[in-house]
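*Asks:* Sharing a structure here in C-alpha cells format.
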Amino acid sequence: MMKNFRRSFFRWCSRPVLYLFITPVILSAFMLSGCSGEDDISGKKEVKIGLAAYDQYDNFISEMMELIDEDYAKIEKETGITVTTEVYYGQGSQFSQNNQVKNMINHGCDVLCVNPIDRTDTSYIINLAQENDIPVVFFNREPVSEDLLRGSSFFYVGADALQSGVMEGELVADYCRDHPEADINGDGVFQYILMEGEAGHQDAIIRTEYSISTIEGKGIALERVTSAIANWSGDQARAKMKSILESGTKAELIISNNDAMALGVMSAYEEAGIPVEEWPAIFGIDGIAQGLDAIDKGTMKATVYNDKEGQAEAITRLSFALATSAPLDDLDLENGTYIWLPYKKVTKDKLNEFRH
Ligand code: BGC
C-alpha cells in the first residue's frame, strides 16, 4: 500500500502540463527544504489527525493504536510533514465520543479516524463532520451503510467478518477431523461452548453464525451446551467460564469470537485446577501477541489473523492523503469508501509468518 500511495503521488506529479508551471516551484521548494523528499501537495507543513477509539482496554484495539502511532511516524519521516495526533478513548459511551469528536473539530483536526462505540449511531459524528467539511475514516466497527454512504468524505477500514467466521469454522472442522480423540465422551458429537463478543457488533453477529454453519457444513456434528456474551473481554470471559465450570457443564470445543475471550476461558480452566490435557480444544480470532503464544504452547489450537498491521497502514495512509488533499486512486478503495484487509488462518506450523 505504501508503494501504491507513492505511485499515485508520482503519477499525479507527472502530468505533463503541470510540469511547465510547477517544476520551478518544486525545485526551489526542494532546495529550500533541505531535500526532505516527497513534497506536500497541499503545501501544508503540518497536519493534525483526531483519533477516537471505543475503549482503551480492548487488547486488539490497543495493539492497533500502537501501530497507527508508528505508521504516522514513518509517514513523517518519508514526507517531512509533521503529523500531530489528538487521541481519545470513548469508555463505552457514544455520548462521550460525540463530545470528543466535537473537541477534535474545534481543535482544528484536518481528518478524524473514528472507531465508533455504537456502529448503528454514527449520525451525530457524520452530521458534525459534514457541517465542518472534515473527512472521517471509520475503522474496525463498521457504521451502517445508510450513514456511511451519506457523503463522499466518509470511509471505512476493516476486515470482512464473514471471512473470519468461515475461517474459524474451517479450522475447527479440520481439527475435529484430524483429532477424533477431541470427542472426549466418544458420542460422535462435539459439545461446544460459544464465547460471543459485544451484542450488535458486526464481527460478533457474523462470526457466531458462520463459524458454526461452516463446521456443520463440513459434516461435523455439533451440540451447543451453552454460550455467553463476554463483550470481547478476557476478564468477562474468565468470570463467565468460571460459573459455567462451577455449574458442572462440560465441553469439548470452545469457539470464541476473539482471542482475548479465549485467553480468559483458559484462565478459568487454570484457576479451577483442571490440567491442560483435560481442556477442550480452544479457538479464537485476531492473532494478538498472547494468542500466538497460546498457540505456540498448544493451549489454543488455532486462530484467524485480523490484520492489524494492514488496517493501521490503511488508516494512516488514507487519513494522511485526505489531510494533504492527495489523490486516493491507488488506495484500494471499494466503491470509493471501503478498504478491506483479508483475514488469514494461523496454526502452529505457520506461527512465524505472524510474529512481528
Ligand atoms: C476484534 C475484537 C475487538 C473488536 C473491537 C474485533 O474485530 O476481533 O478483538 O475487541 O473488534 O471492536
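Residue by residue, here is whether (1) in a loop (DSSP other than H, G, I, E, B); (2) buried (at least 24 other Cβ atoms within 10 Å of the Cβ); (3) in the same structural domain as residue 63 (by TED's automatic domain parsing) holds:
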site	(1), (2), (3)
238	no, no, no
244	no, no, no
277	no, no, no
318	no, yes, yes
326	yes, no, yes
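*Asks:* Something else now. Contact list please: Cβ distance under 6 Å, first residue in the stretch 299-312 and closer than 29 Å to residue 176 by Cα and touching a residue at least 12 places away in the same chain (Cβ under 8 Å), second residue among the polar types (S, T, N, Q) and open to solvent by 20 Å² or more (accessible area, probe 1.4 Å), pairs at least six apart or on different chains.
*Replies:* 302/347
*Asks:* Looking at this structure, is residue 291 touching a Ser or Thr at 6+ places or on another chain (Cβ under 8 Å) and at pLDDT 95 or above?
*Replies:* Taking the combined requirement at face value, the residue satisfies it.
*Asks:* I need a count of the residues in the stretch 47-73 that are assigned to a helix (DSSP H, G or I) and among the polar types (S, T, N, Q).
*Replies:* Qualifying residue count for the region: 2.
*Asks:* In addition: Among the residues of the stretch 85-110, what is the count of those that are more than 22 Å from the chain's Cα centre (by Cα) and surrounded by fewer than 20 Cβ atoms within 10 Å (Cβ to Cβ)?
*Replies:* 8
*Asks:* Output the residue which, of all residues in the stretch 203-216 that are open to solvent by less than 20 Å² (accessible area, probe 1.4 Å) and not hydroxyl-bearing (Ser, Thr, Tyr), is farthest from the ligand (Cβ to nearest atom).
*Replies:* By that ranking, first place goes to 215.
*Asks:* Of the numbered conditions (1) within 16 Å of the ligand (Cβ to nearest atom); (2) without any contact (Cβ under 8 Å) to a residue 60 or more places away in the chain; (3) of a type in the set (Gly, Ala, Ser), residue 200 satisfies every one except a single condition; which is it?
*Replies:* Only one criterion is unmet by residue 200, namely (2).
*Asks:* Which of the strands (runs of 3 or more DSSP E) found entirely inside the stretch 90-166 contain at least 2 residues meeting this: of a type outside the set (Gly, Ala, Ser) and either farther than 30 Å from residue 287 by Cα or away from the ligand (no atom under 16 Å from the Cβ) (or both)?
*Replies:* 111-114, 154-158
The values are calculated or read from the model by the stated rules, or taken from the named source; none is laboratory data. The structure displayed is predicted, hence computed values, not measured ones. Reconstructed Cβ throughout: ideal geometry from the backbone, glycine too, with neighbour counts over all protein chains shown. When the accessible area is computed, the model is the full protein with side chains, heavy atoms only, and any ligands, DNA or RNA have been set aside. Shrake-Rupley method; radii C 1.70, N 1.55, O 1.52, S 1.80 Å.
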